[in-house]
Amino acid sequence: MTYPKIPLAQTIVQLCKAKGIKHIVISPGSRNAPLTIGFTNNKYFKCYSIVDERSAAFFAMGIAQKLQEPAAVVCTSGSALLNYYPAVAEAFYSNIPLLVLSADRPKHLVGIGDGQTINQKNVFKNHILYSANLKLDLRDEENKLGKDERPILKNMENKFERHLDLQKDIQTYNEEEINKAINVSKLNKGPVHINIPLNEPLYEVIEKPLVEPKVTEEEPQRQNIGDGLLKSCLEKWNSATKKMILVGVNQPNQIEKQWLDELAQDPSVIVLTETTSNIQHPSFFPSIDQLIAPLSNEEQKVLQPDILLTFGGLIVSKKIKQLLRKLQPQHHWHIDTKTAYDTFFCLEHHIKTTPNEFFKTFLPKAAHLKSNYKGKWLAVKQHRLKQHKAYLDQIPFSDFKVFGWLLKSIPAHSVLQVGNSSAIRYMQLFQLDSSLEVYCNRGTSGIDGSTSTAIGHAVVSDKPTVFITGDLSFFYDSNALWNNYIPNDFRIVVVNNQGGGIFRILPGHKNTENFDTYFETNHKLTAKYLCEMYGLKYHAVSTEESLREALGEFYKQDDKPKLLEVFTPKRVNDEVLLSYFEFIK
């Protein structure tokens, strides 16, 4: 087998293999050549070549999103690393394990005006679980230096080591840092950064490794609810007649069905689920904005819970956040092993365990109180659904109408990836097929990497993937198509309303030159030529009839991935959506 000659590169590759990190997304460069050589010459790894580092990082994040284990990205030195930042931030807030491996110049070449060099140490410090800044293997590098170069290195590198008074040799230090970083990513579900100084020559190879790094593992610590906290929560729960459970982002099949059924049987409990929660039950409330947007102030007070219990990731619905900040519950508890955000400014307890563990301990001791809380809102829900159907039947061709047809057409047991901005908000107004697995980058809610994430996820999924996105998000991340890994059963739907349609439903002066240019950012772009360039089958529609006809063929097997571009009338879309909430009252 071929190995890079540099011991540090060997150490990285061997420890990644030992810890089960199989998927390696590499962007081309010279400084990272030893890592590229190591990964690509080892048959254990599945390597991907993606030029654009921003797209590469989201592609890797999509892989990790699906597998729930770290995927690695590898880049050269300099600004290449900074292009990872949007995906690192998304992984940080979405609890997705991502391993960033950045090649760097040795310390003595940083800050002296050398090319393709920036300060890479701790560059992600505000959005990273752990940063490992490795050290150059001086013993190995010293043998490669000429007599004139050795004093410079010794004076700058060894003096620094003495200053820190390190007791461990560099190899041991590096092994410990690499082990720790990977363990943190695996156990705590988030991004970590390993910065790797590599000195020239970078392309030399050998047949046998020079090092055998030590592998260290950490076991997850089981977290239980303290008896005092459990007793206190039960006392409050068993005396409250209005309890609301609000569920954010969850992996599919994450919550055990028995606990969902138990919650559904309690008349004093209503469960509000976001599209990204991947939780469905006939007694739950999946379209939050549909339920609460038409409410009067008095009706909102009736909905106000005594206790709010939350779990899962970040919440899409702005309306539920506004309501619960205005009409705060007496008690708010959040269940998560890692983080509890005080989203509604009234957080009382962070219950540091998993939802399943909490329900296993809590629900058998919880009483079902007599209450009309759920019954009242189930009646409202049924009225809303009836009005929703009637509205869909009467509205003209528009974004709203398009989403109605799209969501009815998606084959069962598919993966549904959703773009941010308008796309995910429209999605929240519809009840989805319970067999669908739904994903959206809601950690930072940016439009910058949705397509790349969806493709990365699709590459390791055994189910067909449908990605629904808006035009700005799609064009922003068009480099996502610049790779050779898009599965033939991958489907993209671009709802093209010629700009940022979401701004038309926000307060502001619409239909002015200023609005058109700086907010809605009007354009006349089409995905047609991107599809021609990247080898996707393309079809465009602009009427309800042509959409229905196209969807009949869209999901059929083919020898290429497909893109359907749906052009909608931007001056109609906002009126249809804003009128919806008045109609369904």
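The values are calculated or read from the model by the stated rules, or taken from the named source; none is laboratory data. Bear in mind that the values here come from a model prediction, so they are computed numbers and not experimental data. Please note: Cβ atoms are built from the backbone with ideal geometry, for glycine as well, and neighbour counts cover all protein chains shown. Each accessible area value is taken on the protein alone, full model and side chains, heavy atoms only, with ligands, DNA and RNA left out. Shrake-Rupley method; radii C 1.70, N 1.55, O 1.52, S 1.80 Å.
Within region 226-250, being open to solvent by less than 30 Å² (accessible area, probe 1.4 Å) and assigned to a loop (DSSP other than H, G, I, E, B) holds for Ala240, Gly248, Asn250.
This table checks each residue for (1) modelled with pLDDT of 95 or more; (2) polar (S, T, N, Q); (3) surrounded by fewer than 24 Cβ atoms within 10 Å (Cβ to Cβ); (4) closer than 23 Å to Lys135 by Cβ.
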| site | (1), (2), (3), (4) |
| --- | --- |
| Ser30 | yes, yes, yes, yes |
| Ala57 | yes, no, no, no |
| Met61 | yes, no, no, no |
| Phe92 | yes, no, yes, no |
| Leu99 | yes, no, no, yes |
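Just one of the listed residues (Phe515, Phe503) is closer than 22 Å to Val566 by Cα and not polar (S, T, N, Q), namely Phe503. Might you let me know whether region 34-45 holds any residue that is crowded, with 21+ Cβ neighbours inside 10 Å, over 19 Å from Lys125 (Cα atoms), in contact with a Cys (Cβ under 7 Å, 6 or more places away or on another chain) and modelled with pLDDT of 95 or more? Yes, region 34-45 contains at least one residue that is crowded, with 21+ Cβ neighbours inside 10 Å, over 19 Å from Lys125 (Cα atoms), in contact with a Cys (Cβ under 7 Å, 6 or more places away or on another chain) and modelled with pLDDT of 95 or more. All conditions in (1) assigned to a helix (DSSP H, G or I); (2) open to solvent by 50 Å² or more (accessible area, probe 1.4 Å); (3) more than 17 Å from Tyr130 (Cβ to Cβ) hold for Leu210, with the sole exception of (1).
Restricting attention to region 101-141, and to residues there that are closer than 30 Å to Pro209 by Cα and of a type in the set (Lys, Arg), which single residue is modelled with the lowest pLDDT? Among those residues, the one meeting the criterion is Arg139. Taken over region 391-402, the criterion of being touching a residue at least 40 places away in the same chain (Cβ under 8 Å) and either in a helix (DSSP H, G or I) or loosely packed, with under 14 Cβ neighbours inside 10 Å (or both) is satisfied by Tyr391, Pro396, Asp399, Phe400, Lys401, Val402.
Of everything listed in (1) in contact with a helix residue (DSSP H, G or I) (Cβ under 8 Å, 6 or more places away or on another chain); (2) within 20 Å of Asp336 (Cα to Cα); (3) not acidic (Asp, Glu), the single unmet condition for Lys242 is (2). Whether any residue in region 305-318 is among the aromatic types (Phe, Trp, Tyr), in contact with a Phe, Trp or Tyr (Cβ under 7 Å, 6 or more places away or on another chain) and in contact (Cβ under 8 Å) with a residue 24 or more places away in the chain is what I want to check. Among the residues of region 305-318, not one is among the aromatic types (Phe, Trp, Tyr), in contact with a Phe, Trp or Tyr (Cβ under 7 Å, 6 or more places away or on another chain) and in contact (Cβ under 8 Å) with a residue 24 or more places away in the chain, which makes the answer no.
All conditions but one from (1) open to solvent by 10 Å² or more (accessible area, probe 1.4 Å); (2) over 21 Å from Val402 (Cα atoms); (3) touching a Lys or Arg at 6+ places or on another chain (Cβ under 6 Å) apply to Thr521; the one that does not is (3). Taking the criterion of being of a type outside the set (S, T, N, Q), in contact with a Phe, Trp or Tyr (Cβ under 7 Å, 6 or more places away or on another chain) and without any contact (Cβ under 8 Å) to a residue 40 or more places away in the chain, would at least one residue in region 23-37 satisfy it? The answer is no, given that none of the residues of region 23-37 is of a type outside the set (S, T, N, Q), in contact with a Phe, Trp or Tyr (Cβ under 7 Å, 6 or more places away or on another chain) and without any contact (Cβ under 8 Å) to a residue 40 or more places away in the chain. Looking for something in contact (Cβ under 8 Å) with a residue 24 or more places away in the chain and closer than 28 Å to Ile96 by Cβ - is there at least one such residue anywhere in region 364-379? So far as region 364-379 goes, no, none of its residues is in contact (Cβ under 8 Å) with a residue 24 or more places away in the chain and closer than 28 Å to Ile96 by Cβ. Looking across region 552-566, the residues that are crowded, with 19+ Cβ neighbours inside 10 Å and either in contact with a Gly (Cβ under 6 Å, 6 or more places away or on another chain) or of a type outside the set (D, E, K, R) (or both) come down to Phe554, Pro561, Leu563, Leu564, Val566.
Scanning region 107-125 for residues that are assigned to a loop (DSSP other than H, G, I, E, B) and crowded, with 18+ Cβ neighbours inside 10 Å yields Gln120, Val123, Phe124. Of everything in region 350-390 that is assigned to a helix (DSSP H, G or I) and of a type in the set (Ser, Thr, Tyr), the residue that is surrounded by the fewest Cβ atoms within 10 Å (Cβ to Cβ) is Thr361. Residues that are of a type outside the set (Ser, Thr, Tyr) and open to solvent by less than 30 Å² (accessible area, probe 1.4 Å) within region 1-19 comprise Pro4, Ile6, Pro7, Leu8, Ala9, Gln10, Ile12, Val13, Leu15, Cys16, Lys19, listed in sequence order.
Yes/no matrix, rows are residues, columns are (1) assigned to a loop (DSSP other than H, G, I, E, B); (2) under 18 Å from Ile12 (Cα atoms); (3) of a type in the set (Phe, Trp, Tyr); (4) at pLDDT below 95:
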site: Gly146; (1), (2), (3), (4): yes, no, no, yes
site: Ile152; (1), (2), (3), (4): no, no, no, yes
site: Glu161; (1), (2), (3), (4): no, no, no, yes
site: Gln167; (1), (2), (3), (4): yes, no, no, yes
site: Glu176; (1), (2), (3), (4): no, yes, no, no
site: Lys180; (1), (2), (3), (4): no, yes, no, no
site: Val184; (1), (2), (3), (4): no, yes, no, no
site: Val192; (1), (2), (3), (4): no, yes, no, no
site: Asn195; (1), (2), (3), (4): no, yes, no, no
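List pairs: first in region 254-275 and under 14 Å from Phe362 (Cα atoms), second surrounded by 21 or more Cβ atoms within 10 Å (Cβ to Cβ) and at pLDDT 95 or above, Cβ under 6 Å, 6+ apart or cross-chain? Between residues of region 254-275 that are under 14 Å from Phe362 (Cα atoms) and residues that are surrounded by 21 or more Cβ atoms within 10 Å (Cβ to Cβ) and at pLDDT 95 or above, the close pairs are Trp259/Phe359; Leu263/Val269; Leu263/Val271. Annotation: Pro86 fulfils all but one of (1) outside any helix (DSSP H, G or I); (2) open to solvent by 10 Å² or more (accessible area, probe 1.4 Å); (3) within 18 Å of Asn122 (Cα to Cα); the unmet one is (1). Screening region 407-422 for residues that are at pLDDT 95 or above and in a helix (DSSP H, G or I) and picking the one that is nearest to the chain's Cα centre (by Cα) gives Leu407.
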